[in-house]
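Participant: Structure in structure tokens, see below.
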Amino acid sequence: MNKNKLLTFLSLTSGAAASISTINKYIQLHATSKNLLETSNSLCYKWRLGNIHYTKTGNGKPLLLIHDLNTISSGYTWNPLIHVLSKHFTVYNIDLLGCGRSEKPNITYTNYLYVQLISNFVQSVIGKRTDIITCKASASIALMACSSNEDLFDRILLINPDSLLTCSNVPGKSAKLYKFILDLPILGTLIYHISTSQKTIQDLLRKEYFENPYSVKRNIVDACYESSHLGESPKAVYASIVCHYTKCNIVNALKKINNSIYILGSRHIPGMYERLKEFQQYNPAIEVMLLDKGLYVPQWEYPEEVLNGIEMFLS
């Protein structure tokens, strides 16, 4: 390649990189412009890896709500339940590190990291044994944390936990390469923005998370979109999740835990009945209830159904 061709190539490459960088900045500014996740009662727990956003509402026995481990998720997920729960509990609603309004450092996120976060939060902020309610992938965090230090936790209620097989996924041979690509400052950010576009999020909510696609309101899509673009490095937790660094085999934890465990499973999720039986196989003391309405986030779509289940198990 002669000198002129090389200079032309470098000029085009630099121009493309600059254009993509500008697009990335615009997407982030647009996604976070509505401040839907802003709350008047916002509190901050200064954890060693980053500040953790949470809210505290109500009076009574402490109850910690942990949203799904997903870049589009945050404590916003629990809003339909908090008003009722706060009449009976002191409700702590947390944004996990890398999610929502909590800090999003550019690190590799693991199940053990979140186990430490939850344990430290209960010790330092709540200060006494607490009940926990989780959604989807965060079930493994609560179970592993309880297995490590059962004295911090009391009752655990899991809403639509991932299957034991899904929990035990490990990074494959291509995980390091894919994570390396996602970690690239320009190309990786563009891939992330495509994966978390408003259209992609809306389709995910309508096809997988909600039973009735017409229940997916604009404010829900916008809140998920905002959650996935706030902070220093929102794509870092995404890379760790899709490459399975946040997964953990929880079978031994299930066998070990003596705390009361309850599961609410949505009847219309394929294989949910078998999933619940599999959990009971390793811990026969687990009590389960099938929800007649909703899919993966029934607390958004049918909060009354979820509240009935919570009341049955945690009253």
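Participant: Among the residues of the range 275-295, is any part of a helix (DSSP H, G or I), more than 30 Å from L152 (Cα to Cα), touching a Ser or Thr at 6+ places or on another chain (Cβ under 6 Å) and in contact (Cβ under 8 Å) with a residue 40 or more places away in the chain? Don't jump to the end; show me each part of the working.
Facilitator: So the first thing to find is which residues in the range 275-295 are part of a helix (DSSP H, G or I), and the list is 275-282.
Those still in the list that are more than 30 Å from L152 (Cα to Cα) too: none.
For the range 275-295, residues part of a helix (DSSP H, G or I), more than 30 Å from L152 (Cα to Cα), touching a Ser or Thr at 6+ places or on another chain (Cβ under 6 Å) and in contact (Cβ under 8 Å) with a residue 40 or more places away in the chain: absent.
Participant: Assigned to a helix (DSSP H, G or I), out of contact with any Phe, Trp or Tyr (no Cβ under 8 Å at 6 or more places or on another chain), within 30 Å of K277 (Cα to Cα) and open to solvent by 30 Å² or more (accessible area, probe 1.4 Å): which single residue out of L165, L177 fits that description?
Facilitator: Going through L165, L177 in turn, just one is assigned to a helix (DSSP H, G or I), out of contact with any Phe, Trp or Tyr (no Cβ under 8 Å at 6 or more places or on another chain), within 30 Å of K277 (Cα to Cα) and open to solvent by 30 Å² or more (accessible area, probe 1.4 Å): L165.
Participant: Since N249 meets every condition but one in (1) in contact with a Ser or Thr (Cβ under 9 Å, 6 or more places away or on another chain); (2) part of a helix (DSSP H, G or I), which condition does it not meet?
Facilitator: (2)
Participant: Also: Inside the range 58-97, can you point out the residues that are open to solvent by less than 10 Å² (accessible area, probe 1.4 Å), assigned to a strand (DSSP E or B) and β-branched (V, I, T)?
Facilitator: Of everything in the range 58-97, those that are open to solvent by less than 10 Å² (accessible area, probe 1.4 Å), assigned to a strand (DSSP E or B) and β-branched (V, I, T) turn out to be I66, V91, I94.
Participant: Can you find even one residue in the range 290-299 that is of a type outside the set (S, T, N, Q), under 28 Å from I201 (Cα atoms) and exposed (fewer than 14 other Cβ atoms within 10 Å of the Cβ)? Break it down stepwise before answering.
Facilitator: Within the range 290-299, the first condition is being of a type outside the set (S, T, N, Q), and the residues that meet it are 290-298.
Still in the running and under 28 Å from I201 (Cα atoms): 290-298.
Keeping just the survivors that are exposed (fewer than 14 other Cβ atoms within 10 Å of the Cβ) gives 292.
Scanning the range 290-299, I find at least one residue that is of a type outside the set (S, T, N, Q), under 28 Å from I201 (Cα atoms) and exposed (fewer than 14 other Cβ atoms within 10 Å of the Cβ), so the answer is yes.
Participant: Quick one: count up the residues across the range 192-208 that are touching a Leu at 6+ places or on another chain (Cβ under 9 Å) and open to solvent by 50 Å² or more (accessible area, probe 1.4 Å).
Facilitator: So the count comes out to 1.
Participant: Could you grab me the full set of residues in the range 248-259 that are open to solvent by 20 Å² or more (accessible area, probe 1.4 Å) and either among the small types (G, A, S) or within 19 Å of the chain's Cα centre (by Cα) (or both)?
Facilitator: Those that are open to solvent by 20 Å² or more (accessible area, probe 1.4 Å) and either among the small types (G, A, S) or within 19 Å of the chain's Cα centre (by Cα) (or both): C248, N249.
Participant: For the range 260-287, how many residues meet the condition of being within 22 Å of the chain's Cα centre (by Cα) and either aromatic (F, W, Y) or farther than 22 Å from Y76 by Cα (or both)?
Facilitator: 11
Participant: Also, quick follow-up: In the range 237-262, which residues are farther than 13 Å from S140 by Cβ, polar (S, T, N, Q) and out of contact with any Cys (no Cβ under 6 Å at 6 or more places or on another chain)?
Facilitator: S240, N258, S260 - these are the residues of the range 237-262 that are farther than 13 Å from S140 by Cβ, polar (S, T, N, Q) and out of contact with any Cys (no Cβ under 6 Å at 6 or more places or on another chain).
Participant: Kindly indicate whether Y192 is aromatic (F, W, Y), more than 29 Å from I220 (Cβ to Cβ), in a helix (DSSP H, G or I) and touching a residue at least 40 places away in the same chain (Cβ under 8 Å).
Facilitator: no
Participant: From the list L307, L291, L254, which one is touching a Pro at 6+ places or on another chain (Cβ under 7 Å) and at negative phi?
Facilitator: L291
Participant: Same structure again: Since S147 meets every condition but one in (1) assigned to a helix (DSSP H, G or I); (2) open to solvent by 30 Å² or more (accessible area, probe 1.4 Å), which condition does it not meet?
Facilitator: Here S147 clears every test but (2).
Participant: For A18, are the conditions met, namely being modelled with pLDDT under 95, aliphatic (A, V, I, L, M) and over 22 Å from L205 (Cβ atoms)?
Facilitator: Numbers: modelled with pLDDT under 95: yes; aliphatic (A, V, I, L, M): yes; over 22 Å from L205 (Cβ atoms): yes.
For A18, the condition - modelled with pLDDT under 95, aliphatic (A, V, I, L, M) and over 22 Å from L205 (Cβ atoms) - is met.
Participant: Now a separate question. Go through the range 36-57 and count every residue that is assigned to a strand (DSSP E or B), open to solvent by less than 60 Å² (accessible area, probe 1.4 Å) and over 17 Å from L81 (Cα atoms).
Facilitator: Residues in the range 36-57 being assigned to a strand (DSSP E or B), open to solvent by less than 60 Å² (accessible area, probe 1.4 Å) and over 17 Å from L81 (Cα atoms): 6 in total.
Participant: Return the total of residues in the range 104-127 being in a loop (DSSP other than H, G, I, E, B) and either surrounded by fewer than 18 Cβ atoms within 10 Å (Cβ to Cβ) or not aromatic (F, W, Y) (or both). Step through it out loud before you land on a result.
Facilitator: From the range 104-127, those in a loop (DSSP other than H, G, I, E, B) are 104-110, 127; that's our starting set.
Keeping just the survivors that are either surrounded by fewer than 18 Cβ atoms within 10 Å (Cβ to Cβ) or not aromatic (F, W, Y) (or both) gives 104-108, 110, 127.
Residues that pass the stated criteria total 7.
The values are calculated or read from the model by the stated rules, or taken from the named source; none is laboratory data. In this text, all values refer to a predicted model and were calculated from it rather than measured experimentally. Note that we place each Cβ from the backbone using ideal geometry, even for glycine, and neighbour counts take in every protein chain shown. Ligands, DNA and RNA are stripped out before the accessible areas are found, and what is left, the full protein with its side chains, is counted by its heavy atoms. Shrake-Rupley method; radii C 1.70, N 1.55, O 1.52, S 1.80 Å.
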